[in-house]
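Down below is the structure, laid out as C-alpha cells.
The values are calculated or read from the model by the stated rules, or taken from the named source; none is laboratory data. What you see is a predicted model, and the numbers here were worked out from it, not measured in a lab. Here the Cβ is made from the backbone with ideal geometry for all residues, glycine too, and neighbour counts use every protein chain on show.
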C-alpha cells in the first residue's frame, strides 16, 4: 500500500504539468463551446510553436543549471539575417537559411564563452547578448521589416490547407531535443553538470566544452524559432519575439524542469508551452482582458516555481 502511494506521488510529481494541461483543457471546453473545434486546436498549436521551439533550446541550458535570456533577440536577429542575405542578388535562399542558423549558433557560442571562460554569470552574459542581438537586428534592418523569401514564407502555411507547417516544425524540433537529452553523451553531460558541476568535472566531463555545445544548441533552436515566426508574419521584424525569452523559460519551468539544474525533459517543456498557449487562447475565447491574462500567466509561473522549490526541499 505504501509503495503504491509512493508510486502515485512520484508519477504526479513527474507528470503534474500533463495533468494540469488535461484539467485546463476540460475546464475551457466546458466554459467555451468553440475551444475544442479543430480549427481552434490547430490555432493553439500554431500559437505554441515558436515558444516551444525556443523553450526546447532553453531546456538544454536550464538542465545544466544556466539561463538564457537572449533567445528572443537571437531569434529576431537570425530572421533579419535570413531576409537580408536572401535579398542579395544571386544568393540562393537555402544558403541564406544556413547563414541565419549559423548566426544563432554563434550567438550561443559567444554566450557560452563569456560564461565558461569569462566566468560571467549566465544571467549577465545572456542579458548582454539580448541587447547586442536586438541592436544588431535594428542596425541591419534600419528599424524596418524586411520581406521574407517566398520559399521560406511557406513555413507559415498549411499542408493541404489543414495542417500548419509551424506545428510540424515544432514537433520535429521537440523530437530532436528529446533525442539529444535522452540518447546522447551530450545530454547525459548536461544532466551531470546541472546535478553537480564539480563532480561532473572530476568524473572526466569537459564542462567548458559541454557548455559551448549547450548554448550553441540554444542559439540554433532560437534561430529556427525566429525563421518560423518570420515566415508566419511574411517578414523579418527587428522587434519580433520581444519578451519571448520569458515565455520560453516559463514553459521549461512549468514543464517540470528545475531552475537549479539537473532536471528537465523535452516532453515536459512541450506540455509547458501548450499550457501557456491554451491559457492565452482560452482567456481570449472568454473575452478576458489582455491585462488580466498577464496576471493569470504570472500566477501560473509563480506556482510552477513554488512547486519546484517545495519539491527540492522535500528531497533534501
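Results for (1) without any contact (Cβ under 8 Å) to a residue 40 or more places away in the chain; (2) within 16 Å of residue 223 (Cα to Cα), shown as yes or no for each residue.
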site	(1), (2)
37	yes, no
43	no, no
53	no, yes
56	no, yes
61	no, yes
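Tell me, which helices (runs of 4 or more DSSP H) wholly within the stretch 243-316 include 3 or more residues that are loosely packed, with under 14 Cβ neighbours inside 10 Å? Before the answer, list the steps.
Details: elements: 244-254, 266-285, 290-315.
Because the criterion is at least 3 residues that are loosely packed, with under 14 Cβ neighbours inside 10 Å, the helices (runs of 4 or more DSSP H) in the stretch 243-316 that meet it are 290-315.
For residue 151, work out the one condition from (1) within 20 Å of residue 47 (Cβ to Cβ); (2) in contact with a helix residue (DSSP H, G or I) (Cβ under 6 Å, 6 or more places away or on another chain); (3) surrounded by fewer than 18 Cβ atoms within 10 Å (Cβ to Cβ) it doesn't fulfil.
Looking at each condition in turn, residue 151 falls short on (1).
Out of 235, 208, which single residue is at pLDDT 95 or above and surrounded by fewer than 24 Cβ atoms within 10 Å (Cβ to Cβ)? Working first, answer last.
Numbers: 235 fails: at pLDDT 95 or above.
Answer to the selection: 208.
Just a yes or no: is a residue in the stretch 184-205 in contact with a helix residue (DSSP H, G or I) (Cβ under 7 Å, 6 or more places away or on another chain), within 20 Å of residue 73 (Cβ to Cβ) and surrounded by fewer than 24 Cβ atoms within 10 Å (Cβ to Cβ)?
Scanning the stretch 184-205 turns up no residue that is in contact with a helix residue (DSSP H, G or I) (Cβ under 7 Å, 6 or more places away or on another chain), within 20 Å of residue 73 (Cβ to Cβ) and surrounded by fewer than 24 Cβ atoms within 10 Å (Cβ to Cβ).
Hey, does the stretch 38-49 have a residue that's buried (at least 24 other Cβ atoms within 10 Å of the Cβ), within 12 Å of residue 245 (Cβ to Cβ) and at pLDDT 95 or above?
Initially, the stretch 38-49 is screened for residues buried (at least 24 other Cβ atoms within 10 Å of the Cβ), giving 48-49.
Imposing the further condition that a residue be within 12 Å of residue 245 (Cβ to Cβ) reduces the set to none.
No, the stretch 38-49 contains no residue that is buried (at least 24 other Cβ atoms within 10 Å of the Cβ), within 12 Å of residue 245 (Cβ to Cβ) and at pLDDT 95 or above.
Going by the conditions given, is residue 133 surrounded by 18 or more Cβ atoms within 10 Å (Cβ to Cβ), closer than 22 Å to residue 264 by Cβ and in contact with a helix residue (DSSP H, G or I) (Cβ under 8 Å, 6 or more places away or on another chain)?
Criteria not met by residue 133.
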